[in-house]
Amino acid sequence: MNKNAGAKKPENPIDLETIAFQIRESYKTARTNIVYSIIKKGCKKIVFTSSGKGEGKTVTATNIAIALAQQVNTKVLIIECDLRRPQVHNALSIPFAPGITNYLNGECSREQIVRATNLENLFAVTYGAVPPNPSELLASHDMHDFVQCVEKEFDFIIFDTPPVGVVADAVPIIKQADGVVIIVKHNYSTYPKLNKLIDSINRNGGKLLGIIVNGVETTKVKKGSYGYGYSSGYYA
């Protein structure tokens, strides 16, 4: 006998397919807004940062990079710049070495660290090793020259940087980029930290492109149905 026979179904079942669709569309919407926020020819360089840990920065940066690479004839490079808590290699399931720290220390060539991913037109530079001096490496002339070299080969460069509200490692990258996207988490991030982050970006000459909010509720148009999942909203 089926123990579940006659069991009452939930009134508002979660539609996982709809949630997944909403998430994908959220990233595409953010992609479109970011693209049209930077008016220039050539490579567009975008920093992704947050005010603190655990706000979904790397997941969001990676998914935006994927969304950009899905456009026709668009080559995208994501560079791991969070050298204290690197996660890009995990997000893309690729080796972490050799990476940017190996290159900046003169241990390998540029060609060895620009790695193809399993996704067409998406490339990545991982971290290599956690260094004792991440701020100095990211602010070095070699890092500046590296970005100038690779930007000739790509349409977009995504920098996954450390939270500006925690460390100052991201500041040199912000100065070299065309814009900054802030990642915040719904019911987690705080206004004081966010305001401090925005002030830091402005003081260092950065251009704020917008804010992406993670972990917001997702609702279906059909009356009486409701879902909750990991979604993103973009606010310019």
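Side notes on the structure shown:
- Per-selection Rg to Rh, the range 99-149 - Cα, Kirkwood hydrodynamic radius: 0.98
- Euclidean distance of C-alpha centroids, the range 67-120 and the range 169-216, integer Å: 22
- The GluC sites (Glu not before Pro) of the range 52-146 that meet both conditions, a loop assignment by DSSP and at most 13 other Cβ atoms within 10 Å of the site Cβ, are GLU120.
- ALA129 long-range amide H proximity, modeled H, under 5 Å: THR101, ASN102
- Rounded to the nearest Hz, the phi-derived 3J(HN,Hα) couplings of the range 101-118 under the Karplus curve 6.51 cos²θ - 1.76 cosθ + 1.60 (θ = phi - 60°) are 5, 5, 5, 5, 8, x, 8, 7, 8, 4, 5, 6, 9, 7, 9, 6, 9, 6, where x marks glycine and proline.
- From phi via Karplus (6.51, -1.76, 1.60), per-residue ³J(HN,Hα) for the range 67-82 in Hz, x at Gly/Pro: 4, 5, 5, 6, 6, 5, 6, 10, 9, 10, 10, 10, 10, 6, 10, 8
- Amide H contacts of SER50 (H built 1.01 Å from N, under 5 Å, at least 5 apart or other chain): VAL164, GLY165, ILE183
- For the range 148-163, 3J(HN,Hα) computed residue by residue from phi via the Karplus equation (6.51, -1.76, 1.60; θ = phi - 60°) reads 4, 6, 6, 5, 6, 9, 10, 8, 9, 10, 9, 9, 8, 9, x, x Hz, glycine and proline entered as x.
Coordinate-derived values only; no laboratory data. If you're wondering where the values come from, they're calculated on a predicted model, not measured in any experiment. Reconstructed Cβ throughout: ideal geometry from the backbone, glycine too, with neighbour counts over all protein chains shown.
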